[in-house]
Structures are given as structure tokens and as C-alpha cells.
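The values are calculated or read from the model by the stated rules, or taken from the named source; none is laboratory data. In this text, all values refer to a predicted model and were calculated from it rather than measured experimentally. Positions of Cβ are backbone-derived with ideal geometry, glycine not excepted, and every protein chain shown enters the neighbour counts. Just so you know, the surface numbers come from the protein's heavy atoms only, side chains and all, with ligands and any DNA or RNA stripped out. Shrake-Rupley method; radii C 1.70, N 1.55, O 1.52, S 1.80 Å.
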Amino acid sequence: MHDLAFVRANLPLVQERLLLRGADLSLLSRFSGLDTERRSAITEAETLKAQRNALSTEFGRLKREGADVALVAAQTLALKEKTEQLEALAAMADLKLRELLESLPNLPHDSVPAGTSEHDNVCQKTWGEPTTFDFSAKPHWEIGEELGILDFERAAKISGARFVLQFGAGARLERALANFMLDLHTREHGYVEVLPPSLVNSRSLYGTGQLPKFAEDLFHCDDKGAYVPGQLQESDHWLIPTAEVPVTNIFRDEVIDLSSGPISFAAHTSCFRSEAGSHGKDTRGMIRQHQFQKVELVKFARPEDSYEQHEQLTRDAEMVLERLELPYRRMLLCTGDMGFSAAKTYDLEVWVPGQQTYREISSCSNFESFQARRANIRYKPEGAKKSEFVHTLNGSGLAVGRTYLAVLENYQQADGSVRIPLALQPYMNGETVITKQSLGRTL
């Protein structure tokens, strides 16, 4: 969320930066009017309070003298009623201002290229050559079903579309990938592993920017009734869309110590997304599932360190792909393609030969103080009297399901089997290849 004082003092700049994001500037056009209304009401209310205080003094004097106080009492009552009306008006304007600020996306960093869609993103680097074969490459859904390690049809019977069952070596591969990522990030990159809850309350989703704007993208539990916009409950429950939500909220309403450097967490969780608005998009395979696994990287940093940490977090995610020898590219997202809360984002896209394209496998963002202001996460700079908002960062390190499909497609062999990357073999009980297996008797 934006700072009210900053927006008030820099309204032309805010308008300019949000225009680059394609934001609805009609919201900002209401800002000045609401802000003026709020401040005028507060000023007039304070003036009337001073008049009431003077009348109260006069009331006391007249009463001590035995004089008639009826007129003064009536004037005092009228001022009280008018003051209450003005205070209510100021409170309503303040609420509307807060709702307006909540609906505005973060301002893009100066280094973010202007653009309106993914076509304006900038490729910053590529690693590895796109995998080629001397046979016709298959997409992962064909590979997995023919090997007997993936079953989309039975998953749909159990849960509906956009779910998958994994069996045998396939299920082990998913677990191996998650363990490999966690070991790499905790042993070599210095992250502390955390296992957070998979259910969070509305306050937590508000803190990271999912609520109120993106409620339809989430799964809300019906344990406490329907979600009402504007009512952030502590006791309702939502399935997490990413570990970013519970991990960032670990320090909600706290002042944390960053004197020794950033705090870095790595979390492996299931994630749940309704995929609202994705009808007909990526309906086959594991690209866009309602439930998937992810290893998430989250950092809390001082403002002066956050962009260096953004580069480091992105590099940590890249190392997973390099250890697995999966070709990828790093894309700097343009202003029109970034997420709501982000000030700057890199997407890592892995090559998938069965689809002959690059697909997003990680999104690494610096949110600056946008989330910290919503979640009230602060730190005290050395020598400072007051605390300040931290900068929060996160990124997938990596999306496990998408890494899984990238392995199937890049390591497929002509006979339909799949080689296991060298880095994963210790996590696969020494197996070097996945071959066809039976799902059991078909009824």
C-alpha cells in the first residue's frame, strides 16, 4: 500500500508511474478531492472544538454567577453536534482514501522497462542451448501417461479438472526435486527452512496484497461464512496461493532486527489457486493446476540492500536450473506485466522441448515497502529514533511441478523413458532412468 503523505506530496509523479502500469487513473483523480474534504473537515472540527472549549469556560463562569446559561448551553450543544458530523465526514473520507490507496498497484522501479504486455518484456540472459532430439519430442503429459507416472483422467474423477495423480517413480521425482531445492537453498545459499501453515486468515492475505483485489483467484474455506470485502478477519481461513503469504506474515505487526543483514526463509508447501480468468488456457498438463508444490524464497531487507538482495534471490533460483542442466532465460518484466505488489520482477523461463517454447518457472520480485506497509513490518535503522518499513522480496525457488515437467521433456529418450538428472540421482535412491510402470489392474 502507498503512503498517504507521499502520494499527497508527489501526486504528479505517482500518476506518471501508475500510467506506465496501465492503472486506472480515474481513482487518482478522486484523491485530491477526498484528501481536501478530509483535511477541511478535520480543520473545521478542530476550530469548533476550540469554540466549544471557550463556551464551556463561559458556561462555568455564568453558572457560578447565577446567570442564565440556556443560550450558552444550546450553542455548546450545536457545536458538539456539528463537530461530530465533521468528524464522521472526515472518518468517511479517510476510509475512502484508504480504500483508494489499497486499490492502487505498486510504483514500478526506474529500471523497469515501459510496456503493456509480456511482449514488451526484456530478455536479460539465456543459459544453455534449447534441448533438441533426433526424434519427435513429446509434451510431458504424453510422456508421463505413457510411463504410468501421471494420471490426469483419474485425478479429474476425484477432484475435477486441473489436478493430477502421480505414481511410483513420478511421485518420488516430485519429492526429490523439493528436497534437492531445499538442500541447495539452506546448505549453500543461507536460507532458513520454515514449514508454515497452508491455511491463512484474511489479514495475512491483505498484508501481501492478495486481498481485497484478488479474492476470486483464491480458495476460501466456508468455516466462518462468506468473505466480506473490507472486513479482514482473524479467524476465517483461505488456502494459500503461495508460501509468500504465511512466510511474509511471520513478522506482521513486528519490529525486526536487520543489523546482521537480511532475513532469508525457504519454504516448501502445497499451493492452491482457482485460476480464475484462465478458462481454456493451458488445460493440458501440469502448467496451470489448482494444486501444486512450490519451494518459495522470502527475504526481509533494509531498503538500501533490497535491490542487491533481489539480484541474489534471482541468482539463487537460477542455480536450481543450472544444477539440473535445464536451459532457461531471465526476463525483466515490463511495467504492464508485473504483479500488483511488485516494484520490479524477473521471470525465469525454462525451455520445454515438447512444447517448443519457454515457460515461466519462477517469478522473483522486490516489493520494496509496499507489503511491509500493509502488514506493518518494521525495522529500526542503526542510530535512528524511529522504526521504518522493511523491504520484502520473494521468488519461486522453484515451482516444483513446472520443474518436474521440464525434467520430463528435456530428459526424455527415444524409447519413452526419462533420464534422471545427475543432481537428483542421490534423491532417487540411485535410479538413473524412469521406465514404464503399471498403475495396477484396470477395472
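Within the range 183-199, the set of residues being of a type in the set (A, V, I, L, M), touching a helix residue (DSSP H, G or I) at 6+ places or on another chain (Cβ under 9 Å) and open to solvent by 10 Å² or more (accessible area, probe 1.4 Å) comprises Val192, Val194, Leu199. Can you tell me which residues in the range 203-220 are open to solvent by 60 Å² or more (accessible area, probe 1.4 Å), within 18 Å of Ala375 (Cβ to Cβ) and not in a loop (DSSP other than H, G, I, E, B)? Selection gives Arg203 alone.
Scoring Lys125 on the criteria (1) open to solvent by less than 70 Å² (accessible area, probe 1.4 Å); (2) assigned to a helix (DSSP H, G or I); (3) among the charged types (D, E, K, R) leaves a single failure, condition (2). Within the range 348-365, does at least one residue satisfy the condition of being more than 24 Å from His268 (Cβ to Cβ) and in a helix (DSSP H, G or I)? Among the residues of the range 348-365, not one is more than 24 Å from His268 (Cβ to Cβ) and in a helix (DSSP H, G or I), which makes the answer no.
Screening Val400, Val407, Val433 for residues that are out of contact with any Pro (no Cβ under 7 Å at 6 or more places or on another chain), under 26 Å from Met319 (Cβ atoms), of a type in the set (Val, Ile, Thr) and in contact (Cβ under 8 Å) with a residue 60 or more places away in the chain leaves exactly one candidate, Val400.
Glu368 meets all of the listed conditions (1) open to solvent by less than 30 Å² (accessible area, probe 1.4 Å); (2) in a loop (DSSP other than H, G, I, E, B); (3) within 25 Å of Leu101 (Cα to Cα) but one, namely (1).
Taken together, the residues in the range 13-51 that are within 19 Å of Ala90 (Cα to Cα) and among the charged types (D, E, K, R) amount to 8.
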